[in-house]
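As structure tokens, the structure follows; a few thoughts come after it.
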Amino acid sequence: MAVKSYDAIVVGSGITGGWAAKELTERGLRTLVLEAGGPIDPAKDYVEHVPPWQLHFRGWGDRKKIAREQPIQKHCYACDEWSGKFFVNDIENPYTFDAAQPFHWIRGRQVGGRSIMWGRQVYRWSDLDFEANLKDGHGTDWPIRYADIAPWYSYVERFIGISGERLGLAQLPDGEFLPPMPLNCAEVHVRDRLRGAFGGERVLTIGRCAILTQFHNGRAACHYCGTCERGCITHSYFNSLASTLPAGRKTGRLTLRPHSVVREVVYDAQRGRATGVRAVDALSGEELEFGARVVFLCASALESTRLLLLSKFADASGQLGRNLMDHTMGGGAGGTIPGYEDQWVYGNRPNGIYLPRFRNVKAQHPDFLRGYCFQGGAARSDWGRGNSMEGFGAGLKMALRTPGPWRMSFYGFGECLPNPENRVELDSQVKDKWGIPALRIQCVWRENERKMLQDMAVTAAEMLEASGATDISTFVQDNPPGLTIHEMGTARMGRDPATSVLNANNQCHDAPNVFVTDGACMASSANQNPSITYMALTARAAAFAVDQLKRGEL
Amino acid sequence: MLLAMGGAAALPAALPRIHIQVRGRPLHALGAHQAETVATIAELIIPATNTPGAREAQVPEFIDVILAEWYEDADKERFLAGLADVDERSRSLTGKPFIEAGEAVQVAVLKGMEAEAIALREADKQAPTHFWHRIKSLTLYGYYNSEPGNLQELKRPVLPGRFDPCLELGAARPGAL
């Protein structure tokens, strides 16, 4: 087989693969991007403006088909009658876990990956996060600090466009923000009450999100239809399909090959270098091989680690596959905010409130390490409350024309400690549709995460009380790991090749021309939504790789 | 009509219509009498007022899709048995099937069922969902996710074009109290 060669190969075209493609091509490398899934045509595949009455099940989805083909993916809120096609077929893409310890692995295989239907929330880390492992001894020390990544956060933010409010908080650094989306009147009420009750300790702000509030880099401002996970024909939220991949294409040095399922990074043990990748064409089954001087794995945390496990060269540390993390979610509370009954919103804001971490920022909490944030917001209930109302007829219809009271909710997202026993391995029996060994995942929440979830319910209720809310109800959900879709770790960055898989530049200790820049590289999880950190690390690693190539050091 | 709101000028003129249309689909789970019974109940739950009601919103067609393709067989049978029970109740009062019994009797039948459903739920939280709660929730869902339910009743455009965080209620939804 004649092997076609490029300067660089990027595996994956999602949020990090797109950034690798943009940076490597703009810095002069002829780059091949291999995407396991098929192409997307926004004009045909985006469905954000398809109303429910044009759907066969008016939004309920084809329950029987989903039960057959997407028994895992269906747990994700966005995998519905509109967007279900952006999630994988679980039968074609199996993985295994102990039934008593479920892990919900939510996946998207298409050009753009999960950046098509991601949550779009973006928050910088601070040194409180980068120093956490060193200070409390869980995991190994990050080989970088905030100063190393801060300019790359700015670089990424300026390109993709982030709307948000500057707060000046040390634990949640400000970024390069476009004007923030507004809070509604009940959220403003809660924000002001919290200011009075908690001083500067608990601060409510609008979510920082990768959705444009004004024209930016050739893309239009949001038009507030509200369902970004179904696509966006005006490209107002960031995804790789509309931003980074076109930037790469503009250089004339990008080749994008969809339907290319990579099965192995080819490794030359003599030279200690990768020479390319082997793949299979998803449609024809044809075996493919491509050569490159440098390989970027951006296939998603667990897919990149699966590839390294299949390629058998990156595990001198014994840490490959270990320290799998996700964020805990679902401790919190809701309550009714009295008043403002003559006020409502117009349009659908695809964003909520954010309340940055306040636990273990200054004083140490007695029950747990690290911390959590809250997301959520206030809304007036609509026709859905008719189900629990008595009566029918014109009276019911008129009553439902008027929205119900304002309900404010706080929904917590917590940090997960790195633990080597939370891990993935290759399953000895199960293979995917293309004959590639599947992953076996073992991951559970432990005491620190559980205690944090309990505390979320307590502090959320405190804040609702301080806001004058009534009918406060608390909750502590038991969501399985994976479902937050912030799975990360399993090929961590570190200072020591004996205890980590990647170095400070996302380079494999065991193969310096292999870079892993998606969530696999994370040495801890913090509590912030992670995508912006993956993007910044990818841009930084790509610049480093090209610099090294130019110096002849790769 | 969907594109009449401001701010949507940059959007394509035609919405993608790639999904199966429900309109004009023959019924698969409900016979003609059953469909008319469902339509009569749904219209009593959400009647036409100054906006269309459940019948015009094609709620019976939606319910037929759910019965034929979404429900498990046992749930479908339970629903159809509930429908037959509506006729039984009507016959015991007037000797006529529900759809011929006149509105006063129809309302009385539904009120009787509602009282029973509420009592059942209060007595046993685990009890299977009563027919009344099923048809009411199907009707509300189908109606408020229909074209007239969204655009005329809820005044909820597909393309708002802007976000206003704090608007007088009457301006956000004309006709709301």
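Tell me, in nm to one decimal, what length is gained between B:A108 and B:D73 on full extension, where the rule is 0.36 nm per residue of separation less the Cα-Cα distance?
Working: separation 35, 0.36 × 35 = 12.60 nm, distance 2.98 nm.
Contour length minus Cα-Cα distance gives 9.6 nm.
For chain A, give the percent of accessible area contributed by carbon and sulfur heavy atoms, probe 1.4 Å, rounded to a whole number.
50 percent
Summarise the accessible area of chain B (1.4 Å probe, protein heavy atoms) by the percent that is carbon and sulfur.
On the way: 4510 of 8330 Å².
That fraction is 54 percent.
Distance between Cα centroids, the range A:302-366 to the range B:24-85: provide it in whole Å.
So the separation of the two Cα centres works out to 42 Å.
Between A:R195 and A:D427, what is the FRET efficiency for a Förster distance of 45 Å, r being their Cβ-Cβ separation, to the nearest 0.05?
Efficiency, from the Cβ-Cβ distance: 0.30.
What's the total accessible area buried between chains A and B, using a 1.4 Å probe, rounded to the nearest 100 Å²? If you can, show how the numbers build up before the last one.
Details: alone 21920 and 11210 Å², together 27120 Å².
Using a 1.4 Å probe, the pair buries roughly 6000 Å².
Anything losing 10 Å² or more of accessible area from the isolated chain to the full protein assembly: pick those residues out of the range A:42-56, probe 1.4 Å, ligands and DNA/RNA ignored.
For the range A:42-56, once contacts with the other chains are taken into account, A:A43, A:K44, A:Y46, A:V47, A:H49, A:V50, A:P51, A:P52, A:W53, A:Q54, A:L55, A:H56 lose 10 Å² or more.
Considering only protein heavy atoms, what is the solvent-accessible area of A:R450 at a probe of 1.4 Å, reported in Å² to the nearest 10?
100 Å²
What are the membrane-span-like helices in chain A by this rule: whole DSSP H runs, Cα extent along the axis at least 30 Å, mean Kyte-Doolittle hydropathy at least -0.5?
Details: long enough: none.
Helices meeting the criterion: none.
Per 0.36 nm of contour for each residue apart, how much would the distance between A:E286 and A:K64 grow if the chain were fully extended, relative to their Cα-Cα spacing?
76.7 nm
Can you give me the Cα centroid spacing of the range B:137-177 and the range A:469-517 in angstrom?
Rounded to whole Å, the Cα centres lie 41 Å apart.
Averaging sequence separations of C-alpha pairs under 8 Å and six or more residues apart, then dividing by the length of the range A:148-295, give the relative contact order as a whole percent.
Contact order relative to length: 14 percent.
What's the local net charge at B:R134, with K and R +1, D and E -1, over the other residues with C-beta under 9 Å away?
+1
Please give the Cα centre distance for the range A:415-441 versus the range A:252-266, rounded to the nearest Å.
With the range A:415-441 and the range A:252-266 each reduced to a Cα centre, they are spaced 23 Å.
For the range A:447-554, which GluC sites (Glu not before Pro) are in a loop by DSSP, counting at most 15 other Cβ atoms within 10 Å?
Of the GluC sites (Glu not before Pro), the ones in loops of the range A:447-554 whose Cβ has at most 15 other Cβ atoms within 10 Å are A:E553.
Which of the residues in the range A:324-344 lose at least 30 Å² of accessible area when you go from the chain alone to all protein chains together (probe 1.4 Å)?
Relative to the lone chain, where solvent access is computed with a 1.4 Å probe, the range A:324-344 loses at least 30 Å² at A:D342, A:Q343, A:W344.
Note down the net charge around B:A101, summing +1 for each Lys or Arg and -1 for each Asp or Glu among other residues with Cβ under 13 Å from its Cβ.
Overall, the nearby charge balance is -2.
Taking a probe of 1.4 Å, how large is the accessible area per residue of the range A:122-163, in Å²?
Per residue, the range A:122-163 has an accessible area of 34 Å².
Express the relative contact order of chain B as a whole percentage, based on alpha carbon pairs under 8 Å and six or more residues apart in sequence.
Averaging sequence separation for qualifying contacts and normalising by length gives 30 percent for chain B.
With a sphere of radius 11 Å drawn around the Cβ of A:K312, what net charge do the other residues whose Cβ falls strictly inside it have (Lys, Arg +1; Asp, Glu -1)?
Computed value for this residue: -3.
What pairs in A:K64/A:K433; A:K397/B:K96; B:K76/B:K136; A:K22/A:K250; A:K397/B:K155 have C-alpha atoms more than 19 Å from each other?
On the way: A:K64/A:K433 22 Å; A:K397/B:K96 28 Å; B:K76/B:K136 15 Å; A:K22/A:K250 9 Å; A:K397/B:K155 14 Å.
Exceeds cut-off: A:K64/A:K433; A:K397/B:K96.
Could you compute the longest span of chain B free of trypsin sites (Lys or Arg not before Pro) located in DSSP loops and having at most 15 other Cβ atoms within 10 Å, not counting the site residues?
B:24-124
I'd like the mean, over residues of B:150-161, of how many other protein chain beta carbons sit within 10 Å of each residue's own Cβ.
Mean partner-chain Cβ count within 10 Å for B:150-161: 5.
Within the range A:61-96, list the GluC sites (Glu not before Pro) lying in a DSSP loop whose Cβ has at most 14 other Cβ atoms in a 10 Å radius.
Sites meeting the loop and neighbour criteria: A:E92.
Taking 0.36 nm per intervening residue step and subtracting the Cα-Cα distance, what contour gain separates A:S154 from A:N217 on full extension? Could you put the intermediate results ahead of the total?
Values: separation 63, 0.36 × 63 = 22.68 nm, distance 1.49 nm.
Contour length minus Cα-Cα distance gives 21.2 nm.
Taking a cut-off of 22 Å between Cα atoms, list the lysines near A:K451, but don't count ones fewer than 8 places away on the same chain.
A:K135, A:K362
Sort by residue number and name the cysteines in chain A that have no neighbouring cysteine Cβ under 4.7 Å.
A:C209, A:C222, A:C225, A:C228, A:C232, A:C298, A:C373, A:C416, A:C443, A:C508, A:C521, each lacking another Cys Cβ under 4.7 Å.
The values are calculated or read from the model by the stated rules, or taken from the named source; none is laboratory data. What you are looking at is a predicted structure, and each value in this text was computed from that prediction instead of being measured. Note that we place each Cβ from the backbone using ideal geometry, even for glycine, and neighbour counts take in every protein chain shown. Note: areas computed on protein heavy atoms with side chains; ligands, DNA, RNA excluded. Shrake-Rupley method; radii C 1.70, N 1.55, O 1.52, S 1.80 Å.
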